[in-house]
There are 2 protein chains.
Amino acid sequence: MVSHTAPLDGEFSLSDLPGGAGRLDVLCRAATEAFLVSHGIRKEVVLHLAIRDQLTISLWGPRLRHLNPDERSTGALLREALRAARGLPPGEERPSTPGITVRRLGLAPLLADLRAAGAAPVVLDEGGEPMRTVRIPDRPAFILSDHQDFTPDESALLAPFPRISVGPKVLQGHQCIALVHNELDLREAG
Amino acid sequence: MVSHTAPLDGEFSLSDLPGGAGRLDVLCRAATEAFLVSHGIRKEVVLHLAIRDQLTISLWGPRLRHLNPDERSTGALLREALRAARGLPPGEERPSTPGITVRRLGLAPLLADLRAAGAAPVVLDEGGEPMRTVRIPDRPAFILSDHQDFTPDESALLAPFPRISVGPKVLQGHQCIALVHNELDLREAG
C-alpha cells in the first residue's frame, strides 16, 4: 500500500490516528485486513507500507506477532516501526516488533525488490479489468493506494503492470484487500 | 450483527475498545463496513446491532451522520447510543446522534420487526450455500454473529432462514459485510 500522508516519525497519539497521525488508521486497517481471518492469521502474506516515497514498513506473515484486530493496537505496532526508523541509514533493514521491519526505501526500489524476488505486480485500480474473470499471476504483488489517488509519478511507475478492479464501486483500500483475499481463497479452493 | 459481549452502558474508555468495552471494536468495524465506501456512504443500508439480547442499536443510512472510517470515532458514536439507552423503557425508541437510535429489544422481536417490514433474513454462516451462485432475496436482512458463534438459542431462532457462506475461510464479521456488499454491487451492475 502506497501511503501519501502517514508520518515519518513515531511522535503522535494513538488516540488521533486519523488526524495527528496523518490517516494512519488507513494503514492499520490495511494491515489487519491483509493478515487476519477469524481467530487466525494468513501466514503466507507480506505487506509493505510505502510511506511518502521515503520509508517502507514491512510486515512478514511467517514471523508476524502481536497483530490484533483493533486499529489502536495496530497503530501502536506501526508507531514502534516508525520509531525504529529514527537515524536509519539507506540500505539497512531494521527490525521493530517480531515480524515487522523498516527500511529507508521509496516505491521504485521497493517494486524493483519485489520483482527481483519473483513477484508480479498487479495494480488495484477502479479502471482495471474485473477481478473475477481476470488472470492473476502465481505470485502476485498487489499494489494499491491509500485514501488518496496515485500521484502522476506513481502512476507512471505503475503503468507497465496489469490493473484489476474489484467491483463497480470505488472502495476503501482495506476493503479491496478483503475482496482480493476472498477471490484467491475461492480460486485456491476450486 | 448479534453481539454477545458488548457493554449495555456507555461507561468505558475509547482507548480500550477490545478490552474494557467488550470487543466493541468488532461492532465498530461492522458499522464502518456496512456503510462506508471510498469517500461516501451507502445510504440504502440499515444496520442493527443486537447486543446480548437486550439492546438494539440501529444505524439508519438515509439519515446517518458523523460516521468516519476509524474505529475510535465510531466507538464514540456507539457509546453515545449506549448512554442514550439509560433508563429506556421497553417499546420506546430513543434517538442518539443523527441517524442512530436505540431500543430495549432482543433478537427475536428484532427479527419479527424486520420480517413485518418486508425484509427476508439470510444468515451468514460458514456452512451455508456459496454466495456467488445462491439466490439472494430482493430485500435481504443479513444476520451475522460477532467474534463468537451463535448460541444454541440463537441458532434455533435462525434455523428457518437460508444460510449463505462468503468463502472457504472463516472470516471476521466486517469482512463478510464487505464481501456481501461487493456481491450485491456486482449483481446490481449486471
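The values are calculated or read from the model by the stated rules, or taken from the named source; none is laboratory data. Predicted model only: the values in this text are computed from it and were never measured. Virtual Cβ from ideal backbone geometry, glycine too; neighbours counted across all protein chains shown.
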>> I need the strands (runs of 3 or more DSSP E) fully contained in the range A:53-155, keeping only those with at least 2 residues that are away from chain B (no Cβ under 14 Å) and surrounded by 15 or more Cβ atoms within 10 Å (Cβ to Cβ).
In response: A:55-60, A:100-103, A:120-130, A:140-143
>> Against the condition more than 30 Å from A:Gly167 (Cα to Cα), away from every other protein chain (no Cβ under 14 Å) and not aliphatic (A, V, I, L, M), how does B:Arg23 come out, does it pass?
In response: no
>> Suppose we filter B:Ala30, B:Ala6 for residues that are in contact with a strand residue (DSSP E or B) (Cβ under 9 Å, 6 or more places away or on another chain), closer than 26 Å to B:Leu124 by Cβ, assigned to a helix (DSSP H, G or I) and more than 10 Å from chain A (Cβ to nearest Cβ); which single one remains?
In response: B:Ala30
>> Can you go through A:Gly167, A:Gly173 and tell me which one is in contact with a Leu (Cβ under 8 Å, 6 or more places away or on another chain), farther than 21 Å from A:Ser3 by Cβ, surrounded by 19 or more Cβ atoms within 10 Å (Cβ to Cβ) and not polar (S, T, N, Q)?
In response: A:Gly167
> Given the structure, is B:Arg42 more than 9 Å from every other protein chain (Cβ to nearest Cβ), farther than 12 Å from B:Ile177 by Cα and touching a strand residue (DSSP E or B) at 6+ places or on another chain (Cβ under 9 Å)?
Replying inline: no
>> Considering only residues that are assigned to a helix (DSSP H, G or I), free of Cβ contacts under 8 Å to residues at least 12 places away in the same chain and either more than 7 Å from chain B (Cβ to nearest Cβ) or among the hydrophobic types (A, V, I, L, M, F, W, C) (or both), which ones fall in the range A:179-190?
In response: A:Leu186, A:Glu188, A:Ala189
> Among the residues of the range A:162-178, is there at least one that is modelled with pLDDT of 95 or more, in a strand (DSSP E or B) and not aliphatic (A, V, I, L, M)?
Replying inline: yes
>> Tell me yes or no: at least one residue of the range A:9-19 is away from chain B (no Cβ under 14 Å), part of a strand (DSSP E or B), buried (at least 17 other Cβ atoms within 10 Å of the Cβ) and touching a residue at least 24 places away in the same chain (Cβ under 8 Å).
In response: no
>> Going through A:Ala81, A:Ala50, A:Ala76 one at a time, which residue ends up being at pLDDT 95 or above and within 10 Å of the chain's Cα centre (by Cα)?
In response: A:Ala50
